[in-house]
Every structure is written in structure tokens, then in C-alpha cells.
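The values are calculated or read from the model by the stated rules, or taken from the named source; none is laboratory data. Worth saying up front: this structure is predicted, and the values here are computed from it rather than measured. Heads up, the Cβs are rebuilt from the backbone with ideal geometry, glycines too, and the neighbour counts pull from every protein chain shown. Just the protein is used for accessible areas: all its heavy atoms, side chains included, with ligands, DNA and RNA removed. Shrake-Rupley method; radii C 1.70, N 1.55, O 1.52, S 1.80 Å.
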Amino acid sequence: MESNKAAFGGAVYAALNATLDVTRSVLVGNSAGTNGGLLFAFTSETTIANSTMSDNVATARGGALAVTEV
């Protein structure tokens with residue numbers, strides 16, 4: 001995932017009991033207008049393994065990852 005943009009979770013927005021598995025991936029240069037430059041996970045199960053994250057930015061929280069629950 002590279003060079004994606006969104007308000008929340010530049011590349012991925014996982015919400016409401018979603019299950020996300022990312023393996024052997026390059027996650028570069030994504031941006032969010034608020035939270036989670038790469039990924040915003042809201043009450044979700046998220047696993048990232050054997051992956052490279054770099055140059056992901058957000059204007060509020062979580063340059064790469066923002067994770068929250070209710």
C-alpha cells in the first residue's frame with residue numbers, strides 16, 4: 001500500500017469488529033487528514049507481521065497507526 005490519502009486511515013480504515021491481517025507488505029507514504037496515516041482501527045482485530053512501514057503521516061494522532069476501542 002503506497003501513497004494513499006484519506007481523512008481517517010490513509011490506506012486502511014478497519015471498524016466495528018473487522019478482522020485485518022497484513023503480512024509481508026510494504027506500507028509507505030500514506031497520509032491521513034486526522035488519525036492513522038497508514039491505518040485507523042476502531043474496535044477491530046488487527047495483525048501486521050513481517051511488514052515494513054515508513055513515511056506514513058497523520059495530522060492528529062498515529063503517524064502510522066491509530067488504534068481505539070469503545
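What the table below lists for this structure:
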{"quantity": "Residue-count net charge about ASN50 - beta-carbon cut-off 13 Å; Lys, Arg +1, Asp, Glu -1", "calculated": "0"}
{"quantity": "The chain: most fluctuating residue of LEU38, LEU27, LEU16 per GNM, C-alpha cutoff 10 Å", "calculated": "LEU16"}
{"quantity": "Accessible area of the stretch 12-70 divided out per residue, in Å², using a probe of 1.4 angstrom", "calculated": "58 Å²"}
{"quantity": "Of the trypsin sites (Lys or Arg not before Pro) in the chain, those whose Cβ has at most 12 other Cβ within 10 Å and which sit in DSSP loop", "calculated": "ARG24"}
{"quantity": "Two-site label geometry, THR43 and THR68: point separation in nm, points 7 Å out along Cα→Cβ", "calculated": "1.3 nm"}
{"quantity": "Within the accessible area of the chain (1.4 Å probe), percent carbon and sulfur", "calculated": "50 percent"}
{"quantity": "Net +/- balance of residues flanking GLY37 in space, Cβ distance below 15 Å, scoring K and R +1, D and E -1", "calculated": "0"}
{"quantity": "Rough spin-label spacing in nm, given labels placed 7 Å along Cα→Cβ, for LYS5 and SER25", "calculated": "2.1 nm"}
